[in-house]
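K.L.:
Handing you a structure now.
The values are calculated or read from the model by the stated rules, or taken from the named source; none is laboratory data. Values in this document were obtained by computation on a predicted structure and should not be read as measured data. Quick reminder, even Gly has a Cβ in these numbers, built from the backbone with ideal geometry, and neighbours come from all protein chains shown.
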Amino acid sequence: KVDKWGRKPLLITGSIGMAVGMFAISALAFFNIIGIDFKVKEQAVHLTQESQFPFKPEVSLKVSVSTPVRMRLHIRVPDWASKPMDIVVNGKKSVTGKAGSYVDLSRTWKDGDRIDFTLPMDYKVNPYEGIDNIPGFKRYALEYGPILMAYSGSFGPEESDKSYSFDLTQLTPDPIHPLQFNIKNDPRHAFVPYWMLVPNQAFYVFPVKTPK
């Protein structure tokens, strides 16, 4: 089952079971419920995924079956995960997976079984090595989980890239706007997801900063 853009939130992998490789149908949707049906030895299985990703990192999966069924379920731990990810089944920790891998949950599933995990999202910086580097300074792009962040706000004509230096300890989540991070002692600017920018909104994606 795919959405209208052709993306697969849940991927059936044939004889090895099912793999959960994505965590939301659309990055623009605030709340998603993803359902898919398939058969295991003629046994109908329905798997429902509930998520508010990327606005919240918690993801839940619910199994619906008429009778218990033995099945392998694989869950992707994304390569951008900032630490190992715990998988909880029916309220108890089952397995921990490292970034860039799939965890294998092979068991007999019953109706109402629930799988929960929290995607480990954190800040990450990537260095800029293009021709617009400023001598004596290093430039970085900021990501939060898989999201490219834009340094946005009010920029005066007298300002230069050197004005935008800061370290990651100055970032705090905005209490009202999801995925916006405010900068201590810099009320005119904030980091927002690049894909949430509106037309003509001023921004940089490679501001000068000293990551810690």
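K.L.:
Any chance you could count how many residues in region 137-176 are at pLDDT 80 or above, acidic (Asp, Glu) and either more than 20 Å from residue 82 (Cα to Cα) or not assigned by TED's automatic domain parsing to the domain that holds residue 193 (or both)?
P.N.:
Qualifying residue count for the region: 1.
K.L.:
Where the second residue is modelled with pLDDT under 80 and polar (S, T, N, Q) and the first is crowded, with 18+ Cβ neighbours inside 10 Å and lies in region 127-150, which pairs have Cβ atoms under 7 Å and are six or more apart or on separate chains?
P.N.:
Every condition considered, the pairs that remain are 139/133.
K.L.:
Would it be correct to say that residue 34 is surrounded by 13 or more Cβ atoms within 10 Å (Cβ to Cβ), β-branched (Val, Ile, Thr) and at pLDDT 95 or above?
P.N.:
For residue 34, the condition - surrounded by 13 or more Cβ atoms within 10 Å (Cβ to Cβ), β-branched (Val, Ile, Thr) and at pLDDT 95 or above - is not met.
K.L.:
Something else about it: Is it the case that some residue within region 79-88 is assigned by TED's automatic domain parsing to the domain that holds residue 43, surrounded by fewer than 16 Cβ atoms within 10 Å (Cβ to Cβ) and touching a residue at least 40 places away in the same chain (Cβ under 8 Å)?
P.N.:
yes
K.L.:
So which of 134, 176 is over 30 Å from residue 60 (Cα atoms) and either in a strand (DSSP E or B) or aliphatic (A, V, I, L, M) (or both)?
P.N.:
Testing whether each residue is over 30 Å from residue 60 (Cα atoms) and either in a strand (DSSP E or B) or aliphatic (A, V, I, L, M) (or both) leaves just 134.
K.L.:
Here's another thing I want to ask about it. Please go through region 51-72 and give me each residue that is of a type in the set (Val, Ile, Thr) and either closer than 14 Å to residue 114 by Cα or part of a strand (DSSP E or B) (or both), ordered by number.
P.N.:
The answer is 59, 63, 65, 69.
K.L.:
From the list 186, 111, exactly one residue is assigned by TED's automatic domain parsing to the domain that holds residue 54, among the charged types (D, E, K, R) and either modelled with pLDDT of 85 or more or assigned to a loop (DSSP other than H, G, I, E, B) (or both). Which is it?
P.N.:
111
K.L.:
Taking residue 75 as the residue in question, decide whether it is part of a strand (DSSP E or B), in contact with a Leu (Cβ under 6 Å, 6 or more places away or on another chain), at pLDDT 55 or above and under 30 Å from residue 195 (Cβ atoms).
P.N.:
Criteria not met by residue 75.
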